[in-house]
1. Find the residue count for segment 281-331, including only residues that are part of a loop (DSSP other than H, G, I, E, B) and charged (D, E, K, R).
2. Can you work out which of the residues in segment 384-409 that are touching a His at 6+ places or on another chain (Cβ under 6 Å) and of a type outside the set (D, E, K, R) is most open to solvent (accessible area, probe 1.4 Å)?
3. Kindly list the number of the only condition in (1) open to solvent by 20 Å² or more (accessible area, probe 1.4 Å); (2) closer than 20 Å to Met496 by Cα; (3) modelled with pLDDT of 80 or more that fails for Ser613.
4. So is Ser499 at pLDDT 85 or above, open to solvent by less than 40 Å² (accessible area, probe 1.4 Å) and closer than 30 Å to Leu287 by Cβ or not?
5. Here are Val462, Val497, Val407, Val476: which of them is in contact with a Lys or Arg (Cβ under 9 Å, 6 or more places away or on another chain), of a type in the set (Val, Ile, Thr) and under 25 Å from Gly383 (Cα atoms)?
6. Only residues that are open to solvent by 10 Å² or more (accessible area, probe 1.4 Å) and modelled with pLDDT of 80 or more: list them for segment 450-459, please.
7. Would you tally the residues in segment 524-545 being open to solvent by less than 30 Å² (accessible area, probe 1.4 Å) and aromatic (Phe, Trp, Tyr)?
8. Would you pick out the residues in segment 89-124 that are part of a helix (DSSP H, G or I) and farther than 29 Å from Ser536 by Cβ?
Amino acid sequence: MEDEEMEKKVQQYLQRKGFRLTELALQEERNRISTSSVSDVALARSENDPARYYDGYSKLRTWAYSSLDQYKHELLRVLYPVFIHSFMDLVAEGHTQEARSFFHTFREDHELMHSRDLQKLEGILSPSHLEYSYELLLQYLQKTQALVVLGIINERTTFDVSPGQPSLISDDTDVVALVGTKKDLAKQINLKELLEDSVEERMEKTLLESDKTEAESKDADAEDNNKRKSSEGGKQGGSVKKVKKDKIAGATGKTNKSETSIVSVAPRVKPELTLPVIPVEVEQSILEDLRNRAQLNSLALPSVSFYTFLNTHNGLNCSSISHDGSLVVGGFSDSSVKATSPQGENGLSQGERTSASDYGKRPYTLFQGHSGPVYSAAFSPFGDFLLSSSSDSTIRLWSTKLNANLVCYKGHNYPVWDVQFSPVGHYFASASHDRTARIWSMDKIQPLRIMAGHLSDVDWHVNCNYIATGSSDKTVRLWDVQTGECIRMFIGHRSMVLSLAMSPDGRYMASGDEDGTIMMWDLSSGRCVSPLGGHSSCVWSLAYSCEGALLASGSADCTVKLWDVASSTKVLKTDDTSTNRLRMLKTLRTKSTPVYTLRFSRRNLLFAAGALSLGS
């Protein structure tokens, strides 16, 4: 009303003064403003029409599917983010029914690749479900006119807004983490140098080089002796030739020395990680296993020995099998670790047992010491030690010969999900809920290295210079043991990573996730070479055969699957541009036993273990 009264007074003033032209200009401006406001209202009504999202996405979808095959694959990638944001915009504007109709109409386009995300989106029913804690904070500050606090937050504080349920205070750990799934960050990390070869390959290379230099030096000495015998009397020409020969021999000797000095100064084996000495009897047993190893390929599949835990009453959390299958261990929710031997009645060596005598003779050896559920167990490469990790934040080292606890390692602040021995023993790695992976040695109670950023599964590279970790952030990372630095980040999983396995040649890594997807990665480039989708539930265990020709996967869907790795890697070497898929060779089904763990023996016998689940 105040604006209308002001306009009337201005108009009366212009008429009284006789400003006719100014009065007409003011009238035209008033008419123009009124017409523009009407058009704005019409435009707002059209923008608020929910049908425009349906029409826009439908036209984009039709155009993408009808495009040339050369570009179709890349253009179809645009549909998923457009679909998600269109649905969220409809919900945010209050068009709940139209949003549900839009979601169910075009859901089939993305069901294959994004089924887990679609299940989460299906629960969004109102605009309040789209709000974040950050938005609530800004609404409060603006509503209460807290300008000083708002200025401090805008200038001094950086927020990382991420989807998901709000975290609890108990889950908030004070650690520095390398955040997330950003492609540019992964590319920057993946440019770092990586040593792929294993310890055995490097030993063979050094032995061949030393044999070659020794042979060359022997040939040079033999030629010198022949020259000396053939020369008579000490003629000047002969002495000149001898001097020239000595100079040449000296030059070659210098070059050989310089080459060996270069190798010694910059070895590909990092000197900081001292490896333990292997006893002679253990070496002999390893050589015996290697002589009797079965050669596996797509036509010669391995024999499988499956160990089933009975009457666990859903208390079995983890399982592990020794390298020769002579010992099987399980970690339970009642904080106990139980080990048994399928070959003998009472399992382990006849040492002092920790079980109570009231129960009489048990068919297993009971290890007690943890004060919470046991989540992981791992045998040493030679079967003389056993590691276990628990929710009590500790790792315990047990002797399978003494049947006793040797060391309790403390350092993590939250439950320890996984623990693994290195391929040569002595060193081991752990992954915890405090978002750190730690490197330990058996002779020290404090960790040697701390890698911050991941919390789930952990596995060693075959050359002992790297460890890999998987986490709930859907990424896999490779860490340098000496520096504690992340040198590779692998992005591609759509759910939590639960299992990892390194190939024996050190060039590839396999990872399994909660959705049943398996991905094989090229460690040098950091890209996925073979995405797999053979399982219908969580992939809990992965294992490569000794020569790396086959990959075995165990899942909660009660199956063990065998994949042909050798043929896929051969195709990869000849054609780097195409994404290759592993060929599934065989599916081995259990009656009602989810597969907890897998392990190939040194003779290429596949061991597997799980707990009978009557409810599945």
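The values are calculated or read from the model by the stated rules, or taken from the named source; none is laboratory data. The model shown is predicted, which means the values in this text are computed figures rather than measured ones. Counting neighbours? That spans all protein chains shown, and the Cβs are built from the backbone with ideal geometry, glycine included. These area figures cover heavy atoms from the full protein model, side chains too; ligands, DNA and RNA do not enter into them. Shrake-Rupley method; radii C 1.70, N 1.55, O 1.52, S 1.80 Å.
1. The first filter runs over segment 281-331 and keeps only residues part of a loop (DSSP other than H, G, I, E, B), leaving 292-303, 310-315, 322-327.
Adding the requirement that they be charged (D, E, K, R) leaves 293, 324.
Looking only at that region, the number is 2.
2. Across segment 384-409, the extreme among qualifying residues is Ser393.
3. All conditions are met except number (2).
4. no
5. Of Val462, Val497, Val407, Val476, the one residue that is in contact with a Lys or Arg (Cβ under 9 Å, 6 or more places away or on another chain), of a type in the set (Val, Ile, Thr) and under 25 Å from Gly383 (Cα atoms) is Val407.
6. The answer is Ile450, Ala452, Asp459.
7. Residues meeting the conditions: 1.
8. Within segment 89-124, Asp89, Leu90, Val91, Ala92, Thr96, Gln97, Glu98, Ala99, Ser101 qualify.
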